[in-house]
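Worksheet: one structure, shown below.
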Amino acid sequence: MSRFDQYFLMEEKDILEYVQEKYDFFPKDAQLTCKEIGDGNLNYVFRITDPATGKSVILKHSGVETRARSGRKVDVDRNRIEAEILQRQDALAPGFVPKIYGYDPVMCCCAMEDLKDYTILRTALLNYQTFPKFADQITSYMVNILLPTTDVAMDHKEKKALVKSYINPDLCSITEQLVYDDAVGNFAGKNYVVDALTEYVDREIYQDKALRLEAAKLKFDFMEHAQALIHGDLHSGSIFVTDTDTKAFDPEFAFYGPMGYDVGNVIAHTLFSLVHAEGTLEQDDPRRSAFRAWALDTVYQVVELFRKKFIEKYEQVAADKLARTEGFCEYYLNGVMADTAATTGMELIRRIVGVAKVKDITLIEDEARRAELEKKLLIIAKQLILNRASTLTAADWKSILEGQL
């Protein structure tokens, strides 16, 4: 009987034994090393390496509560969901996600490809690196994975079975609270903004009844609109890049929700990277203008390329007879784009006022400059949310963004 036949929270020394017992990645006499490299709050991520060959693998292990030992329990089944989803995504969009080697339902542990030659997108963007192929690649990833998992393309009974399989209540609850409730209501009382923005946020965010109404609509759309199998947390910290490739990972928040939630997150975090460059580089630094041009162009390309590829894919995969009715594709796509605009707005607000900040903002040391840039993003966010039905094309986005940034 193996000691890994009953769940316990593993440490590095346990992982070394575990990987040799459960997998055949390495020779049995290999002198392996193990390092815990996770920086999130939910899972433990270990890199196991054979120094003799340089071969390595990643093991992602679930704990029964958050790593902060907050007492908040989370379902360990999330790693099963993630492993299955990455395998499904790899089938739909080969090359855009890491390979999965196996999942252990007892130890709640997933073995996957080590993308050690890649850089996390946020890290690269904080260093003002630009990626000309990113918009094209991330939109291919999204369209090829999202649209084929909808009722437009799938057998409806099969799709409903997937909705049931990928219900993710614990992590969805986190999103519902942080992205919607606390963003406009500070219901948990834990929000924080820089001093210069306190009055503005109270007046323009918390006391804006029209904004709160739209946030309520969006929250219930998020909870009730089981449209496609979305990543659920597709920000720049969940994307690996090289100069030539893009891979999305960490879909532990995945469930059946609105497609625009993924697209909006990509755009919001591109805007955060733009603000970081604006707030940390001198005005005459050539990197600042170059990065600004890339970031804005990326936003517009994401919108236009997503629209273009969506229409092309729709023609290929639409199987429902009524879905092929003339005009329905445009109607359906416009709904996705409106959700995209609204999600971008909610993500901008919640990262500025909420507890889950991003380094793009917090690394701006000049507090006055930070407040100035955050205010611009909040103005943009409100426009995107309140006017989402008319924010459908790159031209619409350009009129909003270039009026502020």
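The values are calculated or read from the model by the stated rules, or taken from the named source; none is laboratory data. All of these numbers come straight from a predicted model, not from anything done at the bench. Positions of Cβ are backbone-derived with ideal geometry, glycine not excepted, and every protein chain shown enters the neighbour counts. These area figures cover heavy atoms from the full protein model, side chains too; ligands, DNA and RNA do not enter into them. Shrake-Rupley method; radii C 1.70, N 1.55, O 1.52, S 1.80 Å.
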Self-check item: lysines with Cα under 20 Å of Lys308, excluding same-chain neighbours fewer than 8 positions away
Solution: Lys133, Lys398
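Under a 1.4 angstrom probe, counting protein chains only, how are Met142, Met223, Met1 ranked by accessible area, largest first?
Working: Met142 0, Met223 75, Met1 210 Å².
The most accessible residue leads, giving Met1, Met223, Met142.
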Exercise. Give a residue-ordered list of calculated ³J(HN,Hα) values for segment 336-353 (Karplus: 6.51 cos²θ - 1.76 cosθ + 1.60, θ = phi - 60°; whole Hz; x for Gly, Pro).
Key: 5, 5, 5, 4, 4, 4, 5, 4, 4, x, 5, 5, 4, 5, 5, 7, 8, 9
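Once a ≥ b ≥ c are taken as the square roots of the eigenvalues of the Cα gyration tensor of segment 24-147, is the result rounded (a/c under 1.5), prolate (a/b larger than b/c) or oblate (a/b not larger than b/c)?
On the way: a/c = 1.44, a/b = 1.21, b/c = 1.18.
Because its axes are fairly even, with a/c under 1.5, segment 24-147 counts as rounded.
Ordering His225, His231 by accessible area with a probe of 1.4 Å, largest first, what comes out? Each step should come with its number before you reach the end.
Numbers: His225 75, His231 5 Å².
Result, largest first: His225, His231.
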Quiz prompt | Surface per residue (accessible, 1.4 Å probe) for the chain, Å² | solution = 44 Å²
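Summarise the accessible area of the chain (1.4 Å probe, protein heavy atoms) by the percent that is carbon and sulfur. It would help to have the intermediate numbers written out before the result.
Working: 8930 of 17620 Å².
That fraction is 51 percent.
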Practice problem: Answer with one residue from Phe222, Gln177, Leu197: the one whose Cα lies farthest towards the positive end of the charge dipole of segment 119-231, charges on Cβ with Lys, Arg +1 and Asp, Glu -1. | Solution: Phe222
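Mind ranking His269, His235 by accessible surface for me, highest first, 1.4 Å probe? Walk me through the intermediate numbers first.
On the way: His269 5, His235 25 Å².
These residues rank, largest area first, as His235, His269.
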Practice problem: In square nanometres and to one decimal, what's the mean projected area of the convex hull around the Cα atoms of segment 253-355? | Solution: 8.3 nm²
Quiz item: Across bins of 10 angstrom width beginning at 0, how are the C-alpha pair distances of the chain distributed, in whole percent?
Solution: 4, 22, 31, 26, 13, 3, 0
Quiz prompt | Residue-level accessible surface for Thr119, protein heavy atoms, 1.4 Å, Å² | solution = 60 Å²
Exercise. Name the longest site-free stretch of the chain, where the excluded sites are GluC sites (Glu not before Pro) in a DSSP loop with no more than 11 other beta-carbon atoms within 10 Å.
Key: 1-281
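Restrict the search to segment 331-405; then list the chymotrypsin sites (Phe, Trp or Tyr not before Pro) that DSSP places in a loop and that have at most 11 other Cβ atoms within 10 Å of their Cβ. Don't jump to the answer; show the numbers that get you there.
Numbers: sites: Tyr331, Tyr332, Trp397; in loops: none.
Nothing satisfies the criteria.
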